[in-house]
Amino acid sequence: MELYRMELYKLCFRKFFIVLSVVIAGILILTFGIQVMDEEATVDGITYTGYEAVQVNRRITEEFKGVLTDEKIQQIVEKYGLPKKVEEGWGYFRDANFLNEFVMNYQTDAYIYDWNDYRAASVVYRMVETDLGKVMELTGEEIVLEYYKGWRVFFTILQFGMILGSILVILTISPLFANESQINMLPLLFTTKEGLERDITVKIQAAFTVSFGIWLGIFLLDLLLCGIVYGFDGLACYNGMVLGYLLPWPERMIPLSNYMMMVVLLCFLGVLSLCAITMCISSHCKTTFHAVSATAICWGAPILIQLFSGFSGIGKLLTAAPVFMVISEAFDDCYDFWLMPAGIAVLVMLFCVCRVRWRYRILINACQ
């Protein structure tokens, strides 16, 4: 246990780790604040912005939350009208709130591409005549309306945070073994069989612990921020509603609670598999610089490959790359085979851990 705490201390209490962790947390809080400040809501002719707009939207949605019906849609239109105010330089209707904007998007013929290219609503369709009706027909389930915009912000912050967290994992774990070769510490490591086994094991345990902590910290910070400001309503909605627009497509008709579980799990496995890959590369490098550089190349290379091959055919394997597993938007490309990248990530972790132990024994034995 003492050796394990010592390895954790070596990884977590370096100045760059503490400073970078604080910087990442600050960036995420700032990004979240910008998302909140972009919110607007117009009720009874008064336009609210920022945090106040979020609270207004949450309040007015409480009255209509639950199963969506044509009667509720009509009541929303009668109480709040439909957006129609356009101002030069603004690419959306300036008199919208969460409810009447939802009705406008799904139940009317209105659209707006720019302040000089738009059409105000002239008709309100019945649900069976819209994409919502097609979704109900395909799923056999009712459409549930709740204030879900907080989850849209959650996924935006999550993937941004996990990318930053992945960078922190690379910078933190890369020196794990490479630094020992760089400063010629290998001859001083434990030379007995028991000591060698303990040293390898605790290093691996410490690396996974730190990576898990980075993932958990980002996830909890994101969840806490969104929960405090936006609340947790919306888990009964479909992911298509939250992420942009609900279409009768399989990848857009996933209950948000299921979608969230799958995305968060892939992020978790993506961070841990990156940790394992980083350890493996570190054990083969003689300097920290080489370990960081090689890991960064391996982490970013799938992006370049994906630009040419996409995620079709053999390219489906790219969804198992750590850089894509932490990007929630990539889930649309693997929603129907998401267990494959999850399984590959587990196999990669096992292979890398075995490879590290094998490589480390060779290095230690060479120094004896």
Quick check on this structure: which one of Ala345, Ala294, Ala301 is of a type in the set (A, V, I, L, M), touching a Gly at 6+ places or on another chain (Cβ under 8 Å), part of a helix (DSSP H, G or I) and at pLDDT 90 or above? Ala345
Among the candidates Val210, Val242, which residue alone is open to solvent by less than 40 Å² (accessible area, probe 1.4 Å), β-branched (Val, Ile, Thr), farther than 30 Å from Leu171 by Cα and in a helix (DSSP H, G or I)? Val242
Report yes if Leu220 is surrounded by fewer than 17 Cβ atoms within 10 Å (Cβ to Cβ) and among the aliphatic types (A, V, I, L, M), otherwise no. yes
Members of the range 334-351 that are within 27 Å of Ile157 (Cβ to Cβ) and surrounded by fewer than 20 Cβ atoms within 10 Å (Cβ to Cβ): Tyr335, Asp336, Phe337, Trp338, Leu339, Met340, Ile344, Val346
Being open to solvent by 10 Å² or more (accessible area, probe 1.4 Å) and either out of contact with any Asp or Glu (no Cβ under 9 Å at 6 or more places or on another chain) or within 19 Å of Leu235 (Cβ to Cβ) (or both) is the filter here; which residues of the range 57-71 pass it? Arg58, Arg59, Glu62, Glu63, Lys65, Gly66, Val67, Asp70, Glu71
Flag if Glu78 is of a type outside the set (Phe, Trp, Tyr) and without any contact (Cβ under 8 Å) to a residue 12 or more places away in the chain: yes
For Cys298, state whether it is open to solvent by 70 Å² or more (accessible area, probe 1.4 Å), in contact (Cβ under 8 Å) with a residue 12 or more places away in the chain and more than 18 Å from Thr156 (Cα to Cα). yes
Could you tell me whether the range 187-195 includes any residue that is touching a helix residue (DSSP H, G or I) at 6+ places or on another chain (Cβ under 6 Å), within 30 Å of Arg5 (Cβ to Cβ), open to solvent by 40 Å² or more (accessible area, probe 1.4 Å) and modelled with pLDDT under 95? yes
For the range 134-163, enumerate the residues that are more than 18 Å from Asp233 (Cα to Cα) and either of a type in the set (S, T, N, Q) or open to solvent by 30 Å² or more (accessible area, probe 1.4 Å) (or both). Lys134, Met136, Glu137, Leu138, Thr139, Gly140, Glu141, Gln159, Phe160, Ile163
Filter the range 313-331 for residues that are without any contact (Cβ under 8 Å) to a residue 12 or more places away in the chain and open to solvent by 80 Å² or more (accessible area, probe 1.4 Å) and give the result. Ile314
Selection from the range 260-295 of residues closer than 15 Å to Val346 by Cα, touching a residue at least 60 places away in the same chain (Cβ under 8 Å) and open to solvent by 30 Å² or more (accessible area, probe 1.4 Å) yields Leu265, Ile277
Among (1) exposed (fewer than 15 other Cβ atoms within 10 Å of the Cβ); (2) under 21 Å from Tyr148 (Cα atoms), there is one condition Leu99 misses while meeting the rest; what is its number? (1)
List pairs: first in the range 8-33 and over 16 Å from Leu158 (Cβ atoms), second outside any helix (DSSP H, G or I) and among the hydroxyl-bearing types (Ser, Thr, Tyr), Cβ under 9 Å, 6+ apart or cross-chain? none
Residue check, Tyr92 open to solvent by 40 Å² or more (accessible area, probe 1.4 Å), in contact with a helix residue (DSSP H, G or I) (Cβ under 8 Å, 6 or more places away or on another chain) and either in contact (Cβ under 8 Å) with a residue 40 or more places away in the chain or within 26 Å of Trp115 (Cα to Cα) (or both): no
Only one of Glu180, Glu251 is modelled with pLDDT under 95 and either within 17 Å of Ser328 (Cβ to Cβ) or open to solvent by 30 Å² or more (accessible area, probe 1.4 Å) (or both), namely Glu251
If you check Gln368, Gln306, which single one turns out to be open to solvent by 80 Å² or more (accessible area, probe 1.4 Å), polar (S, T, N, Q) and at pLDDT below 90? Gln368
Members of the range 27-46 that are open to solvent by less than 40 Å² (accessible area, probe 1.4 Å) and either among the polar types (S, T, N, Q) or part of a helix (DSSP H, G or I) (or both): Leu28, Thr31, Phe32, Gly33, Val36, Thr42
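The values are calculated or read from the model by the stated rules, or taken from the named source; none is laboratory data. Computed from a predicted model, the values in this text were never measured in an experiment. Heads up, the Cβs are rebuilt from the backbone with ideal geometry, glycines too, and the neighbour counts pull from every protein chain shown. We work out accessible area using only protein heavy atoms, side chains counted, and drop any ligands, DNA or RNA first. Shrake-Rupley method; radii C 1.70, N 1.55, O 1.52, S 1.80 Å.
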